[in-house]
1. When segment A:293-348 is examined, which residues are found to be of a type in the set (Gly, Ala, Ser) and over 30 Å from A:TYR27 (Cβ atoms)?
2. Which residue out of B:GLN101, B:GLN168 is facing chain A (nearest Cβ under 7 Å) and either part of a helix (DSSP H, G or I) or among the basic types (Lys, Arg) (or both)?
3. Which residue is surrounded by the fewest Cβ atoms within 10 Å (Cβ to Cβ), if the candidates are limited to segment B:215-255 and must be among the small types (Gly, Ala, Ser) and not in a loop (DSSP other than H, G, I, E, B)?
4. Of all residues in segment A:88-114, which are over 26 Å from C:LYS39 (Cα atoms) and surrounded by fewer than 18 Cβ atoms within 10 Å (Cβ to Cβ)?
5. Contact list please: Cβ distance under 7 Å, first residue in segment C:151-168 and part of a loop (DSSP other than H, G, I, E, B), second residue crowded, with 18+ Cβ neighbours inside 10 Å and of a type in the set (Asp, Glu), pairs at least six apart or on different chains.
6. From the list B:ASP50, B:ASP93, exactly one residue is within 14 Å of chain A (Cβ to nearest Cβ) and surrounded by fewer than 19 Cβ atoms within 10 Å (Cβ to Cβ). Which is it?
7. Consider segment C:125-148. How many of its residues are part of a helix (DSSP H, G or I) and either touching a Ser or Thr at 6+ places or on another chain (Cβ under 7 Å) or within 14 Å of chain B (Cβ to nearest Cβ) (or both)?
8. How do the pairs read when you match residues in segment A:156-170 that are touching a residue at least 60 places away in the same chain (Cβ under 8 Å) with residues anywhere that are buried (at least 20 other Cβ atoms within 10 Å of the Cβ) and aromatic (Phe, Trp, Tyr), using Cβ under 9 Å and keeping only pairs 6 or more apart or on different chains?
Amino acid sequence: MLPNESLVNYFFPNEAEIHWSLMIVIYPYITGLVAGAFVVSSLYHVFRIKAFENIARFALVSAFCFGLFAAVPLLFHLGQPLRAFNIFFTPHTTSAMSVFGYVYSSYMILLMIELWLVYREYFIQKARETQGMPGMIWKILTLGVMDYTPEAARVDHKVTTFLAAIGIPWACFLHGYVGFIFGSVKANAWWATPLQPIIFLLSAIVSGIAMLMLMYAFIRWRTRQAYDFPMIQKLMVFLWGFFIIDFFLEGLEIVYAAYEHGHHWSVIGPLLSGPLYDSYVIGQVLILSVVPFLILGYITIFKPWGKGLLYLANLASLLLVLQVLFMRFNVVVGGQLISKSDRGFTEFHWEFLAREGVVPAVIILSAPFVVFYILTRFIPILEDEPETQQRPIAGTDNA
Amino acid sequence: MTTQTSNARRVFLQKLLAGGAAAGMFMVYRQPVVAALKGADKTAQAAGHDYAFVVDVNRCIGCGQCVRACSIENDVPEGQYRTWIERYVVTPDGVHVDSPQGGMYGFDEVDEGLAGEAINTFFVPKLCNHCAEAPCIQVCPVGATYRSPEGFVLVDPEHCIGCSYCVQACPYGVRFINKYKHIADKCTWCYHRVSQGKLPACVTVCPTQARMFGDLNDPDSQVARVREADNWDVLKPEAHTESMCLYLGLPRVVV
Amino acid sequence: MNGSPRSHIYRLLVLLVIIGAGFAAVRSLAIPDSWDNEKFYRVDSLDDLSLQPLRIGGNEACAGAGCHDSQGLAKHEERFNALAKGSHSGLACENCHGPLSDHVSDGRRVASALINRENTLCLGCHGPLLSRPKDFPQFNAENTGHWYFDVEITAPCRDCHDPHEPRHRAALRDMGALEVESEIGATEQPHAASEVAQ
């Protein structure tokens, strides 16, 4: 069905090509993972939820690994990537996009400082133990301060809590502004809604929690360690809660548009029953939302344990990790399918090896996991691994 | 550590911070001071003109000369359009809109069935509206697109990073990313011609004077008289873009 | 060495200040000199844009002074004047003869101006299309001169019409078309050719 009584599918001549493609789909996906993982870490550091104590550090490292690659899809997308730094030199503050440079870099600095404080004790220990070039690197990481006194530990704890606290609104800003980028475009009926920043943020948290669950299960399986079932149970409850709100808001937006039956619905209705039917109605909603909703509800209410909990949690998390990816695709690409002539839809063409193709997208999405793996060779991440020291190192040195 | 060295260290750090702050202030304010000292304010020189464009739908014959002329004048890449012509055929069952290659080579006659149903049919030229409240300018993250003092909405070809946000934000679909230059591109009202006292290329070649361009501040110009007569429309008035492209005889079905 | 328990924080802060100062220095050097912070754009870009070369000259460029007079191509001036005064006065020379830049560069002739005698050129504007304004002259095999001379749309327009003045009375009179017109009158319905011939 074509919108607005159109007899043929018409789009403006310049709309033959979609400009925001897979790179702009994965960019909010990656920053969403950053924000989501950080929120999990803060659930322990700020809200003191004991169940997540053992994964707080792991969540922080994951956030960092995802964060390292957040800007990469943007550099692939820009027509003039060598001018990317213009966003630092002349940020046009009427544009939501202009804040990217400073918000992203300041957030990464905040994250790195928090990680540094968390790992400082370990860096000091390694700097004392190792010689030569590796020893030098560990020494640099300590910034030359070689003792770890209980007072210093208390200072670290206070600063960490403070950073985790301001990190929450900062992470929300880092991802929420992306929602605003879309939500404020009046020219695009599918994008324009004030709910967009909240929807993006909530789905980001959902993706972060779900991704951490999958990573945790994989790591514990590969390292043949025990699973922390109470933590998994609680994590899935939080996942369900955040997902309910997220799903509700996504649905609310459509309900409003359909009810008002105004200009927005005149193009959104045909969009959802037409070009976006498979990826949105069947994919995102039926398979990837309703099913995990039921699974997580079951986990929360009936509290399965052991292997049952593990499989259900993994299944729900996998579906939700995909749901959020589908959501990003349906929003970014779906919105651009609508012609601004109000009289038709344009087409999205999948590319594989091109700049915004599937292959580069898969590589960029895989990169954080590769970095995470490399980091595990150097630092302890999940709490009860053998290298972790539980006690602080004595204050005086050998002099 | 003795108290002497710790004091010395503290003093050193304080000086470092103070010096750094002073240098930072200098760095932040260097450029605006330099710009102010340079004097020659282009904005003052250009003051006085307020350009606008008029399209008379009743006169357009869909010949496509304007699209060809624009393409030649501005090296517009094939398949991309700084201006184009749409044909509307209104029937009781709906609207048929088409724009084969932007209308560059004219149009073939509509097929008989459609012609039989037609209640109204006409051509509509489209181009950048050079809006006074342009959403494209609002969303540009680096200030590469702007509105000149005389009303031209332009793209700085040296500064644009090609992010395409402006393309998304334009309600009229007039912007695109130039496939060879990889920066945002669109109709410039032939700024390079107007600044030499000529008319935009499309206005120059239109055989029926369906396109008009002029200075609203010149009471004798066609555009000023059209605006005064208050019988014009703009595209998508609900978007409140303060479009400076005034349409005469614009039928309701046109979006 | 007994450092303050906050000494590592101080070192971190110093590091951050150094990075921040370095960044501020780079930024201040990178902002273009002509940048207008209020209107938020690089003012020099206006100059850059005005340097774009012109391709289309407009009729004023074809007016002839200094170009065709010295070569004695008086016919060019005759056509230019006919165009300016006649029914095709809204046309640009370049509509049919191509852009000026293909013909002239740096004040010198680089190629002949395009001359196209095909009727596709005329029909580009005058071909009958439903969407064209009703008051715009479109080729019609039933109108006065065309039905009398059995002119079809495929016939060469140039045989009867001079594009510089397509209603040039002398040319049409030569062909007898004007007499026919005065007999029948402009407002009457055209008859079949066979009826008139009797």
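The values are calculated or read from the model by the stated rules, or taken from the named source; none is laboratory data. All figures in this text were calculated on a predicted structure; none of them were measured in a lab. For neighbour counting, all protein chains shown are included, and Cβ atoms are generated from backbone atoms with ideal geometry for every residue, glycine included.
1. Within segment A:293-348, A:GLY297, A:GLY306, A:GLY308 meet the criteria.
2. None of the others qualify; the one that does is B:GLN168.
3. Within segment B:215-255, the subset among the small types (Gly, Ala, Ser) is B:221, B:224, B:229, B:239, B:243, B:249.
Subset that is not in a loop (DSSP other than H, G, I, E, B): B:224, B:229, B:239.
Details: B:ALA224: 18, B:ALA229: 10, B:ALA239: 18.
Across segment B:215-255, the extreme among qualifying residues is B:ALA229.
4. A:SER105, A:SER106, A:ILE109, A:MET112, A:ILE113
5. Listed by first residue and then by second, the contacts come to C:HIS168/C:ASP162.
6. Values: B:ASP50 fails: within 14 Å of chain A (Cβ to nearest Cβ).
Result: B:ASP93 is the single residue among B:ASP50, B:ASP93 that is within 14 Å of chain A (Cβ to nearest Cβ) and surrounded by fewer than 19 Cβ atoms within 10 Å (Cβ to Cβ).
7. Residues in segment C:125-148 being part of a helix (DSSP H, G or I) and either touching a Ser or Thr at 6+ places or on another chain (Cβ under 7 Å) or within 14 Å of chain B (Cβ to nearest Cβ) (or both): 2 in total.
8. Matching pairs, first to second residue: A:ALA164/A:PHE38; A:ALA164/A:TYR44; A:GLY167/A:PHE38; A:GLY167/A:TYR107; A:ILE168/A:PHE38; A:TRP170/A:PHE38; A:TRP170/A:TYR107.
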